[in-house]
Amino acid sequence: NAGVMQNPRHLVRRRGQEARLRCSPMKGHSHVYWYRQLPEEGLKFMVYLQKENIIDESGMPKERFSAEFPKEGPSILRIQQVVRGDSAAYFCASSEQDYTEAFFGQGTRLTVV
Amino acid sequence: SQQGEEDPQALSIQEGENATMNCSYKTSINNLQWYRQNSGRGLVHLILIRSNEREKHSGRLRVTLDTSKKSSSLLITASRAADTASYFCATDANQAGTALIFGKGTTLSVSS
């Protein structure tokens with residue numbers, strides 16, 4: 001059973017471009033969470049999704065950021081018109097259901113130049 | 001919003017010593033989880049303790065939970081250089097449909 005898979009591991013984008021980060025949850029997991037981590041800081045919650053539903057997006061910036069978890073395929077975190085301040089590590093986690101262990105991917109390190 | 005806060009922020013010890021990290025949170029929870037993160041890497045799940053549990057062990061790890069004080073501790077016994085990492089606690093709200101909220105972590109350095 002493969003763990004949570006994120007790709008790409010590293011992503012470089014120029015200001016104004018779009019960034020697409022993908023996350024495939026562990027097999028059997030239907031809950032996906034996205035977090036952002038700045039250097040030397042903890043993880044900031046962004047969005048929580050279940051298949052085809054956004055459950056909680058209270059941590060997502062109102063503009064330029066969107067997330068989806070379609071019926072088939074990975075969850076996608078999309079950042080439009082990236083700015084330097086978007087540079088961070090973005091982690092995805094998945095769990096089987098509420099109140100169970102959440103397992104993390106290795107993250108995508110986004111650098112905006 | 002609810003958040004776990006780890007204490008201390010940084011801890012430096014020698015190999016063989018025990019390391020204790022604490023976590024406090026604000027509202028009632030269903031469970032609390034501890035994670036380890038090596039520099040520049042993903043988070044590794046260490047242990048989950050439910051609100052009706054008081055103590056849990058896993059190898060050299062011992063986690064306690066005091067819901068009356070809204071606090072938890074992670075004890076690593078007989079530490080090794082490989083334990084050098086950041087340690088985070090994460091809590092959920094006692095409500096379905098809520099995500100884990102993380103503290104800022106404790107950075108542990110174990111020197112040989």
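Read-outs throughout are calculated quantities, based only on the coordinates presented, and are distinct from any laboratory measurement. Keep in mind that what you see is a predicted model, and the values were worked out from it rather than measured. Glycine gets a Cβ as well: all are built from the backbone with ideal geometry, and neighbour counts include every protein chain shown.
Kirkwood hydrodynamic radius of the stretch B:1-89, from the reciprocal of the average inverse Cα-Cα distance over all distinct pairs: 13.4 Å.
What's the local net charge at A:ARG9, with K and R +1, D and E -1, over the other residues with C-beta under 13 Å away? Taking every other residue near A:ARG9 into account, the sum is +3. Can you give the percent of C-alpha pairs in chain A whose distance is more than 21 Å? In whole percent, the share of Cα-Cα pairs in chain A beyond 21 Å is 29.
As a rough footprinting exposure proxy, the listed residues A:LEU77, B:LEU65 were ranked by other beta carbons within 10 Å of their own, and the order from fewest upward is B:LEU65, A:LEU77. Sorted ascending by nearby beta carbons within 10 Å, beginning with the fewest, B:ASP92, B:ASP66 become B:ASP66, B:ASP92.
Which length gain, in nm to one decimal place, applies between B:GLU53 and B:ARG41 when the Cα-Cα distance is subtracted from 0.36 nm times their residue separation? If you can, show how the numbers build up before the last one.
On the way: separation 12, 0.36 × 12 = 4.32 nm, distance 2.99 nm.
Full extension from B:GLU53 to B:ARG41 adds 1.3 nm.
Pairs with C-alpha atoms separated by more than 22 Å, drawn from the list A:LYS44/B:LYS26; B:LYS69/B:LYS104; A:LYS27/A:LYS51; A:LYS27/B:LYS70; B:LYS26/B:LYS104; A:LYS44/B:LYS69, are A:LYS27/B:LYS70; A:LYS44/B:LYS69.
Quick one: plug the Kirkwood hydrodynamic radius of the stretch A:46-102 (C-alpha pairs) into Stokes-Einstein at 25 °C, 0.890 mPa s, and report D in µm²/s. Result for D is 195 µm²/s. The region of chain A that goes longest without hitting one of the trypsin sites (Lys or Arg not before Pro) in a DSSP loop, each with at most 16 other Cβ atoms within 10 Å, is A:72-113.
Between the exposed loop cleavage positions of chain B, defined as trypsin sites (Lys or Arg not before Pro) in a non-H, G, I, E, B DSSP state with at most 12 neighbouring beta-carbon atoms within 10 angstrom, the longest gap is B:1-53.
Decide, for the stretch A:21-63, between rounded, prolate and oblate: order the square roots of the alpha carbon gyration tensor eigenvalues as a ≥ b ≥ c, take rounded if a/c falls under 1.5, and otherwise choose prolate if a/b is larger than b/c, else oblate. Could the numbers behind the result be given before it?
Working: a/c = 2.44, a/b = 1.41, b/c = 1.73.
Oblate, since a/c reaches 1.5 and b/c is not below a/b.
Across all C-alpha atoms in the protein assembly as shown, the radius of gyration and Dmax reach 17.5, 51 Å.
In peptide A:35-48, how many Cβ atoms from other protein chains are near each Cβ within 10 Å, on average? Could you put the intermediate results ahead of the total?
Details: counts 6, 0, 4, 0, 1, 4, 3, 14, 11, 2, 8, 1, 1, 4.
Whole-number average of other-chain Cβ neighbours for A:35-48 is 4.
Among the aspartates and glutamates, select those whose C-alpha is under 20 Å from the C-alpha of A:LYS62, and discard any that sit fewer than 8 residues away in the same chain. By straight Cα distance, A:LYS62 reaches A:GLU18, A:GLU52, A:ASP86.
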